[in-house]
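Data first, discussion second: the structure below is written as structure tokens.
What follows draws every value from the coordinates through simple rules; no lab data is involved. Being a predicted model, the structure only gives us computed values, none of them experimental. Every residue, glycine among them, receives a Cβ derived from its backbone with ideal geometry; neighbour counts consider all protein chains shown.
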Amino acid sequence: MMTLTENTIYQHDELGAVLVLGVDHIFETYDPDSGDGRLRSRVVRYTAEWDDYGPMPSSIRTMPVDPFRTVVGDAIRSCESIEWPSNGDT
């Protein structure tokens, strides 16, 4: 089974290159004190539109992990966004 890695570009069958932003767990119930819950599903957040600063905000999509794995191939490369240094303002 393919492991999806955040900030990695994969080849998508229909969209071409896509950037995986992360995999989120969606719980039916979750107890923060015990750190345990009943998992409902896992979804992958991805985009086909990004630049050196990250994804275009309106382009982020989600899809259940298992169907997503069937339409992507191996990882092409990792994607490192530019991080700007703090200007000292608080």
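For the chain, modelled as a GNM with alpha-carbon contacts under 10 angstrom, which of Asp36, Asp74, Asp66 fluctuates the most?
Asp36
For the range 34-46, just list the computed ³J(HN,Hα) in residue order, Karplus coefficients 6.51, -1.76 and 1.60, θ = phi - 60°, integers in Hz, with x standing in for Gly and Pro.
Per-residue couplings from phi come out as 8, x, 10, x, 9, 6, 8, 6, 10, 10, 9, 9, 8 Hz.
From the Cα gyration tensor of the chain, with a ≥ b ≥ c the square roots of its eigenvalues, which class applies: rounded if a/c is under 1.5, or else prolate if a/b is larger than b/c, or else oblate? Could the numbers behind the result be given before it?
Working: a/c = 2.27, a/b = 1.11, b/c = 2.04.
Oblate, since a/c reaches 1.5 and b/c is not below a/b.
Taking H as built 1.01 Å from N, whose amide H comes closer than 5 Å to the amide H of Ile76, not counting residues under 5 places away?
Hits under the 5 Å cutoff: Ile9, Tyr10, Gln11.
Once every DSSP H run of n ≥ 4 in the chain is given -39500 (n - 2.57) and the sum is divided by its residues, what mean residue ellipticity at 222 nm do you get, rounded to the nearest 500 deg cm²/dmol?
Values: 1 runs with 7 residues, N = 90.
That comes out to -2000 deg cm²/dmol.
HN-Hα J couplings of the range 4-21 from phi, Karplus 6.51/-1.76/1.60, θ = phi - 60°, integer Hz, Gly and Pro as x?
Each residue of the range 4-21 in turn: 8, 10, 5, 6, 10, 9, 10, 8, 9, 4, 9, 9, x, 6, 10, 9, 7, 8 Hz.
Connecting C-alpha atoms closer than 10 Å in a GNM of the chain, tell me which of Glu49, Glu14, Glu28 has the biggest fluctuation.
Glu28
For labels at Glu6 and Arg61 in the simple 7 Å Cα→Cβ model, what's the distance in nm?
Result for the modelled spin labels: 2.1 nm.
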